[in-house]
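So the structure is just underneath, and the comments pick up after that.
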Amino acid sequence: MSQNDPAGHDRDERGIEESGPVAGHGGSHATAVAAAHGVRTMFTLSGAHVFPMYDAAEKEDHGISLLDVRHEQTAAFAAEATGKLTRSPGLAVLTAGPGVTNGISAISQASFSGAPMVVLGGRAPAGRWGTGSLQEFDHVPLVESVTVSAETARDTADIADATHRAFTAARSAHRGPAFLDVHMDHFFDQCESVRPGPGSGPTPDRSPDTDAVDRIADLLVGARRPVLVLGSDVWADGAEVAALRCVEALGLPAIPNGMGRGVVPAGHALLVSKARGMAFGMADLVVVVGTPLDFRLGYGVFGGKDGADPATVVHVADSEGQLSRHASPAVATAGDLGRVLDALTQAVQRRSTTPDWSGWARSLREKADATHAADLELFSASADPIHPARIYGELLPRLAEDAVVIGDGGDFVSFAGKFIEPARPGNWLDPGPFGCLGAGLGAAIAARIARPSSQVVLLLGDGAAGFSLIDVDTLVRHDLPVVMVMGNNGAWGLEKGPMQMLYGYDVIADLAPRTRYDEVVRALGGAGEMVTDPAQIGPALDRAFASGVPHLVNIVTDVEAGYPRSTFGV
């Protein structure tokens, strides 16, 4: 039995197009399914185990371009960033053995960040398995703890369905990385196969729990100092419009984190990120939506400042598995975040008592404004060596509203998190709670492809640059202009300061001072310059934005100007 969809395709009960089996090799079937799930770029580094995927992308009309990198970690980080930016799974195709293991940090980061991506790995031939063929290695046990699904295709006839299963798992709440590997001989073998698309399979019910929503509404109506936290899953779940509607309709002070940044745009009266300490310390109710109650949020413990009582905590997630198991929130509920937020807005508005938090919001805004005023002094600092804040004082007025800003570093990017408030959601990329360095070049590649008309700005620490700067070669070869801004303090700043605080000294925390990373970029075909005078930061940034090529502004900063932090996240 079949039904007709709006596009005019006949589909069976699973949603599979009834065009009948299609002949092709295993790589052709995998590539066709990936294309049906929206993939337009295959990130990879050449490896014989996955040649059939390249053959299909090159010779068949699937609309997928090949993009090759210099290290598999960059391919995987590019796929992860594609998932974050487009909310549709990115694809990394990695050859067997070390090709897959080189991608595991990116897979793990995607797991922690809830980024939809598929890693399709090569695998030594089934016909030789167990005899010691090149790179014979069982990847699945290695990746299954950090993936939403991990399997090996059974044979050539299973490749299309297995690829579809991987993409379906990656894009379903809670999103994350899915892994599939295919034996080399199965990839090369021919068969006929039906190729399922994204409409296949049942859709889980993610309706809001109305009782839970009513309990949250009652808590809100009774609260005097509530705060709403909006995390990455608000963006990933397509709930950014509902979230802003909730904030504005109810007058709720809000603090976004991760890819939730920009949901409440920069300059909004209810955006109180710069008053975070006061908000979390004085709140009597904190509603956390779309992000875990981890070290970034004090493990879910709020209130208690200046004699205030501990705050009541509510946790709302996109799926049951993401709800806190340690913080004992007063209400914990999961569902489609846009529908939950709209239901909550309506439930509060139906109450006979309309809450008025304008005084609380005003006090937080005043604190945020005072913090911003203090920031302005640092933004114009003429200190020599350069204070990292001066870089942001020059960069912020040059960022377009649609700029994609990527952070890859420790202290230098911590300053970015404090100073940069995006104008739009989905325009900020950082490592998330996994804290992995080296993701920046892959993310920059993905951002330039996903947002071809936007500024793409990669903020690099000099330590982070050592992980992946060689992939500037990839930017150059594929004509992907990106502005790279480096805070070069000649140290692992995130470790140097804390070690000094703990022990009174530091070891193995120093890098070579004033390293000419800009010359590395120029040697790879890009452009760059080193800046030591704060007055020259702005003109150097202008040249970078105007260059139309991968361009690094290598700014020497003061190693003593560390980011002030109150926790090591333990």
Long-range lysine pairs (8 or more apart or interchain), the chain, Cα under 30 Å: 12
Ellipticity estimate at 222 nm from DSSP helix runs (n ≥ 4, -39,500 (n - 2.57)) divided over the chain, nearest 500: -11000 deg cm²/dmol
Gained length - Asp218 relative to Glu136, 0.36 nm times residue gap less alpha-carbon distance: 23.7 nm
Residue-span extension gain [Arg128 to Asp294] - 0.36 nm each, minus C-alpha spacing: 55.2 nm
Part-to-part distance (alpha-carbon centres) for segment 337-356 and segment 383-405, which is given in Å: 38 Å
Estimated Rh, segment 380-556: Kirkwood, alpha-carbon pairs, angstrom: 16.2 Å
Cleavage-rule hits (trypsin sites (Lys or Arg not before Pro)) in segment 281-339: DSSP loop, at most 15 neighbouring Cβ within 10 angstrom: Arg325
Under 12 Å, Cβ to Cβ, from Ala446 - net charge with Lys/Arg +1 and Asp/Glu -1: +2
Label-point separation in nm, Ala383 to Gln536, each point 7 Å along Cα→Cβ: 2.1 nm
Full-extension gain in nm, His326 to Glu401, via 0.36 nm per residue minus C-alpha separation: 23.2 nm
Per residue Cα convex hull volume in Å³ - calculated over segment 3-193: 110 Å³
Within segment 237-274: backbone nitrogen closer than 13 Å to the Thr354 label point (7 Å, Cα to C-beta): 249-251
Counted charge near Leu552, where neighbours are those whose Cβ lies closer than 9 Å (Asp, Glu -1; Lys, Arg +1): -1
Where only C-alpha atoms are counted, convex hull volume of segment 210-365 per residue in Å³: 97 Å³
Selection of trypsin sites (Lys or Arg not before Pro), segment 483-570, meeting DSSP coil and at most 16 other Cβ within 10 Å: Arg514, Arg516, Arg565
Restricting segment 374-477 to chymotrypsin sites (Phe, Trp or Tyr not before Pro) in coil, as DSSP defines it, with at most 15 other Cβ within 10 Å: none
Two-site label geometry, Val301 and Ala249: point separation in nm, points 7 Å out along Cα→Cβ: 3.6 nm
Pairwise label distance in nanometres, Gln500 with Ala269, each label 7 Å out on the Cα-Cβ vector: 4.4 nm
Segment 70-103 and segment 169-229: distance between their alpha carbon centers, rounded to Å: 20 Å
Proximal charge balance of Ser133 [Cβ under 12 Å; K/R count +1, D/E count -1]: 0
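No lab work stands behind these numbers, since they all come straight from the coordinates. Here the structure is a predicted model, which means the values were calculated and not measured. Cβ sites come from the backbone with ideal geometry, for glycine too, and all protein chains shown count toward neighbours.
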